[in-house]
Amino acid sequence: MRYDLDDLRLFVEIVAEGSITAGARRMHLSLPSASARVRSLEHHAGVTLLIRGRRGVRPTPAGTTLARHARDVLAQTARLEGAVAGYARSPAAPLTLLGGGSALHRLVPQALVTFLGAHPDVDVTVTESRTPRTVRVLADGEADLGIVIDDEARDCGLDTEPLGDDSLVVIGQAGGILAGRTALAYSEVAEHPLVGLDADSSLRRWIEKNLGPHAPVVRYRTSVAHLTAVVALAAAGVGLAVVPRRAIDPGQPLDVCDLQDPWSRRGHLLAWGAKTRTPPATHADTATHADTGTDTDAKAPAVSALADHLRRASRSEPPAPSGAHRD
């Protein structure tokens with residue numbers, strides 16, 4: 001037989017309340033209408049579902065079985081409706097966030113977890129990008145937010161704000177060649193075998209750019225795609241590694257030393273796309289902005305929210321202490 005979902009909801013409410021009257025009230029039905037629906041259910045089922053008494057009703061064994069399966073059907077139906085409704089909504093254009101490998105290692109994922117959970121209707125496209133390219137894309141209005149390195153983004157013409165420290169340190173196996181050291185120059189680091197990111201990574205290019213044409217020859221034992229792997233290899237004693245301080249897992253045993261080179265001290269900036277951050281609308285031009293209905297206007301609250309989640313993620317992740325043995 002075919003069951004009507006409203007009839008099932010009514011029957012579940014009646015069983016829960018122990019009263020047809022109370023069940024009808026919960027469903028915003030009159031008592032005669034609710035009684036007629038119950039009789040129709042019993043007629044189609046071919047069995048008695050409720051035992052009527054002066055103090056209310058209670059389900060028969062068949063009624064108990066129907067109520068149990070009805071609850072499952074209604075729960076599945078609710079999940080089905082929710083899933084389909086997600087496609088029925090007109091999704092906003094996805095936000096575009098650019099950042100270097102250091103930002104994408106921990107900061108951005110942590111911010112995305114909270115942002116996407118709080119904004120189920122907003123999607124975010126994240127792309128790894130070096131600071132010079134990020135600045136160009138933001139200036140062209142082709143991205144909403146970017147995380148850039150302060151030294152490379154000075155006087156870029158974009159709206160920026162400090163986001164957090166991204167200084168570089170050298171790490172190695174706990175109790176290894178860095179034991180007892182608090183700081184050393186990159187020229188000394190280069191005397192030892194290293195592990196690092198791929199040659200095309202933003203971090204590797206940053207280091208090579210600052211070392212210049214007379215950089216010391218370095219022996220890389222291996223190059224990998226992710227900072228997590230670099231830190232793990234260094235901790236295992238494969239070689240030393242130069243990484244952002246924020247890439248270090250506080251629970252991982254290794255030795256950490258500052259780099260003495262000035263270029264190792266750098267910070268993250270949060271940069272806004274040229275079409276994203278605009279001065280607050282005055283009373284005179286509010287109507288104009290409302291009439292245009294541009295994508296930028298519609299995305300502005302979501303972009304601001306994502307920026308806030310990035311700020312919170314940055315504040316919640318204090319840098320590891322330098323010159324320390326972590327165990």
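Assorted remarks:
- From the options GLU128, GLU161, GLU142, residue that is touching a Phe, Trp or Tyr at 6+ places or on another chain (Cβ under 9 Å), under 30 Å from ARG312 (Cβ atoms) and either in contact (Cβ under 8 Å) with a residue 24 or more places away in the chain or of a type in the set (Lys, Arg) (or both): GLU161
- Considering the conditions (1) touching a Leu at 6+ places or on another chain (Cβ under 8 Å); (2) in contact (Cβ under 8 Å) with a residue 60 or more places away in the chain; (3) closer than 18 Å to ALA183 by Cβ, ILE207 is excluded by exactly one of them, (2).
- Qualifying residue in segment 166-174 (condition: open to solvent by 40 Å² or more (accessible area, probe 1.4 Å) and out of contact with any Leu (no Cβ under 7 Å at 6 or more places or on another chain)): no
- The numbered conditions (1) open to solvent by less than 60 Å² (accessible area, probe 1.4 Å); (2) closer than 29 Å to VAL135 by Cα; (3) in contact with a helix residue (DSSP H, G or I) (Cβ under 6 Å, 6 or more places away or on another chain); (4) modelled with pLDDT under 90 are all true for GLN252 except (2).
- Exclusive hit being of a type in the set (A, V, I, L, M), in contact (Cβ under 8 Å) with a residue 24 or more places away in the chain and either in a loop (DSSP other than H, G, I, E, B) or in contact with a His (Cβ under 6 Å, 6 or more places away or on another chain) (or both), set VAL238, VAL195: VAL238
- Looking only at residues of segment 175-190 that are part of a loop (DSSP other than H, G, I, E, B) and small (Gly, Ala, Ser), we find that the one that is surrounded by the most Cβ atoms within 10 Å (Cβ to Cβ) is ALA190.
- Note on segment 240-252: among residues that are touching a Gly at 6+ places or on another chain (Cβ under 8 Å) and of a type outside the set (D, E, K, R), the one that is farthest from GLY176 (Cα to Cα) is VAL242.
- Some residue of segment 133-153 being open to solvent by less than 40 Å² (accessible area, probe 1.4 Å), modelled with pLDDT under 90 and assigned to a loop (DSSP other than H, G, I, E, B): yes
- Failed item, numbered, when GLN260 is tested on (1) closer than 30 Å to LEU306 by Cα; (2) open to solvent by 60 Å² or more (accessible area, probe 1.4 Å); (3) over 27 Å from the mean Cα position of the chain (by Cα): (1)
- Helices (runs of 4 or more DSSP H) fully within segment 1-91 counting 3 or more residues that are of a type outside the set (Ser, Thr, Tyr) and open to solvent by 50 Å² or more (accessible area, probe 1.4 Å): 5-17, 31-45, 61-88
- Boolean, VAL108 is open to solvent by 60 Å² or more (accessible area, probe 1.4 Å) and either touching a residue at least 60 places away in the same chain (Cβ under 8 Å) or outside any helix (DSSP H, G or I) (or both): no
- Condition met for GLU81 (touching a Ser or Thr at 6+ places or on another chain (Cβ under 8 Å) and either at pLDDT below 85 or acidic (Asp, Glu) (or both)): no
The values are calculated or read from the model by the stated rules, or taken from the named source; none is laboratory data. Worth saying up front: this structure is predicted, and the values here are computed from it rather than measured. Note that we place each Cβ from the backbone using ideal geometry, even for glycine, and neighbour counts take in every protein chain shown. We work out accessible area using only protein heavy atoms, side chains counted, and drop any ligands, DNA or RNA first. Shrake-Rupley method; radii C 1.70, N 1.55, O 1.52, S 1.80 Å.
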